[in-house]
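Working notes, beginning with the structure itself.
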Amino acid sequence: MNTLLDIFTTECIATNSPARNRDEAFAVAGDLFQSRLGVSSSSIVRCLNIRENLSSTALGSGVGIPHGMVTGIQIPVGCLIKLAKPIDFASPDEDKISILIILLFPEIPTYEQLQILSCLGQRLLDVDVREKIISEQRTEKIIQLLDLTIDFEETLKTQESHSGFKHYITSSNQDIQDYLEEWAALEHRPAQSMH
């Protein structure tokens with residue numbers, strides 16, 4: 001078992017960010033990850049833009065989960081940015097985004113990554129959780145609100161026996177399912193690495 005608490009640290013939570021658009025939000029994420037990983041902010045921003053330019057990672061309901069694949073990391077890492085004012089993010093419901101969870105994954109796509117995306121997506125589409133994240137200013141409490149146990153061993157078994165992507169997606173939210181199917185399709189594209 002593992003939990004989402006292993007992905008986030010208090011140093012990678014930004015509250016009341018003044019970012020006014022996607023570029024500025026990604027710059028904030030780049031700075032947060034640079035401090036944690038020692039990778040240049042510009043490289044992280046480039047990595048996120050490569051994925052975002054394929055299609056929007058906005059889930060709707062004011063939430064986005066931008067992500068990218070990074071050379072040299074062994075486990076997923078994440079940051080959370082709460083925006084002072086919502087920004088446009090090509091959301092499927094056309095709502096502006098006020099919460100961004102930004103994830104960096106090892107460069108080879110796995111179903112562990114899909115499990116993380118699915119868990120976060122379902123968590124953040126819970127209205128009660130979302131409202132608590134928006135109102136909460138204590139970074140350690142924000143991380144606790146994201147806490148969900150993920151059975152990575154079971155995920156690996158699913159990957160080994162995988163015969164149909166929809167078989168293990170438990171979300172009833174069609175936006176999430178469509179989004180995850182699109183992410184799964186990226187396995188067949190050349191991985192974009194960041195050095």
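The values are calculated or read from the model by the stated rules, or taken from the named source; none is laboratory data. Note that this is a predicted model, so its numbers are computed, not measured. In this analysis, Cβ positions are derived from the backbone assuming ideal geometry, glycine residues included, and neighbour counts consider all displayed protein chains.
Structure notes:
- Answer from 112, 94, 131, 154 - the residue that is out of contact with any helix residue (DSSP H, G or I) (no Cβ under 7 Å at 6 or more places or on another chain) and at pLDDT below 80: 154
- For the stretch 112-135, a residue qualifies if it is buried (at least 17 other Cβ atoms within 10 Å of the Cβ) and more than 14 Å from the chain's Cα centre (by Cα), and the qualifying residues are 130, 133.
- Among residues that are at pLDDT 90 or above and within 26 Å of residue 135 (Cα to Cα), residue 46 is not included.
- In this structure, residue 87 does not qualify as farther than 23 Å from residue 127 by Cα, surrounded by fewer than 21 Cβ atoms within 10 Å (Cβ to Cβ) and among the hydrophobic types (A, V, I, L, M, F, W, C).
- Count - residues of the stretch 39-51 that are touching a residue at least 24 places away in the same chain (Cβ under 8 Å) and either small (Gly, Ala, Ser) or touching a helix residue (DSSP H, G or I) at 6+ places or on another chain (Cβ under 7 Å) (or both): 4
- Residue pairs whose Cβ atoms lie under 8 Å apart, sitting 6 or more positions apart in sequence or on different chains, and linking a residue in the stretch 55-67 that is under 16 Å from residue 25 (Cα atoms) to a partner that is crowded, with 24+ Cβ neighbours inside 10 Å and of a type in the set (S, T, N, Q), are 64/57; 65/57; 66/57; 67/57.
- Some residue of the stretch 105-123 being touching a Ser or Thr at 6+ places or on another chain (Cβ under 7 Å) and more than 20 Å from residue 8 (Cα to Cα): no
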